[in-house]
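The values are calculated or read from the model by the stated rules, or taken from the named source; none is laboratory data. As the structure is a prediction and not an experimental result, all values here were calculated from the model. When we count neighbours, we look across all protein chains shown, and the Cβ atoms used for this are built from the backbone with ideal geometry, even at glycine.
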Amino acid sequence: MSLMDIWMRDMTSFGGLSVIGLIFLFLLALDKMTIALEFLLAVVLSQIVIFGIRFFYFRARPGRTRRKFKNLYERLDESSFPSIHAARAGIIAIVLAQGLPFLAKILLWITATLICFSRYYLKRHHATDLLVGGILGLIIGYIVIIVGGLI
């Protein structure tokens, strides 16, 4: 395994549920309750939307063929379209950037982009999976922020 492979594997973990949970807890520890709740809501909504799409549309991951699945969760998890990691990356970029200085926002966007690129590099997604997942994350994050601001 090359150094780049290791770095990409580690980069993709930033879009994983464990890191998402840590971000949520960190926001709570910083007493950023509004942003924490918006972040959590956006992540949950993105999961629902993406699993809904995957329920009706299956796309095999790169280099894999469709096979028989033991249960519905296995089928939903094995579908690559749209990318959940890319949606979470979009949510990280849009929701967490609230009230941050410009340089911090740029760093969040770079991180989000690297999360998406790592999924492509590791051959877990097609480019269109990442594009649609990222756009969904941005849209859901933006809607949650707008609705949160109205309440």
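Within the option set L136, L130, being touching a Pro at 6+ places or on another chain (Cβ under 7 Å) and either modelled with pLDDT under 95 or not aromatic (F, W, Y) (or both) holds for one residue only, L136. Could you say which residue among G99, G148, G141 is assigned to a loop (DSSP other than H, G, I, E, B), of a type outside the set (K, R) and farther than 15 Å from G16 by Cβ? Answer to the selection: G99.
Which of the following residues is under 15 Å from the mean Cα position of the chain (by Cα), of a type in the set (F, W, Y) and farther than 15 Å from M11 by Cα: F81, F102? Spell out the reasoning first.
Working: F102 fails: under 15 Å from the mean Cα position of the chain (by Cα).
After ruling out the rest, the residue left standing is F81.
Just give me the residues in segment 102-126 being assigned to a helix (DSSP H, G or I), among the aliphatic types (A, V, I, L, M) and touching a residue at least 12 places away in the same chain (Cβ under 8 Å), in sequence order. Once the filter is applied, which keeps residues that are assigned to a helix (DSSP H, G or I), among the aliphatic types (A, V, I, L, M) and touching a residue at least 12 places away in the same chain (Cβ under 8 Å), segment 102-126 yields L108, A112, L114, I115. As an exercise: evaluate D10 against (1) at pLDDT 95 or above; (2) exposed (fewer than 14 other Cβ atoms within 10 Å of the Cβ) and give the number of the one condition it does not meet. D10 satisfies all of (1) at pLDDT 95 or above; (2) exposed (fewer than 14 other Cβ atoms within 10 Å of the Cβ) except (1). The residue that is nearest to G141 (Cα to Cα), counting only those in segment 63-108 that are acidic (D, E) and loosely packed, with under 15 Cβ neighbours inside 10 Å, is D77. Among the conditions (1) of a type in the set (G, A, S); (2) closer than 13 Å to I92 by Cα; (3) in contact (Cβ under 8 Å) with a residue 12 or more places away in the chain; (4) surrounded by fewer than 17 Cβ atoms within 10 Å (Cβ to Cβ), A60 misses just one, which is (2).
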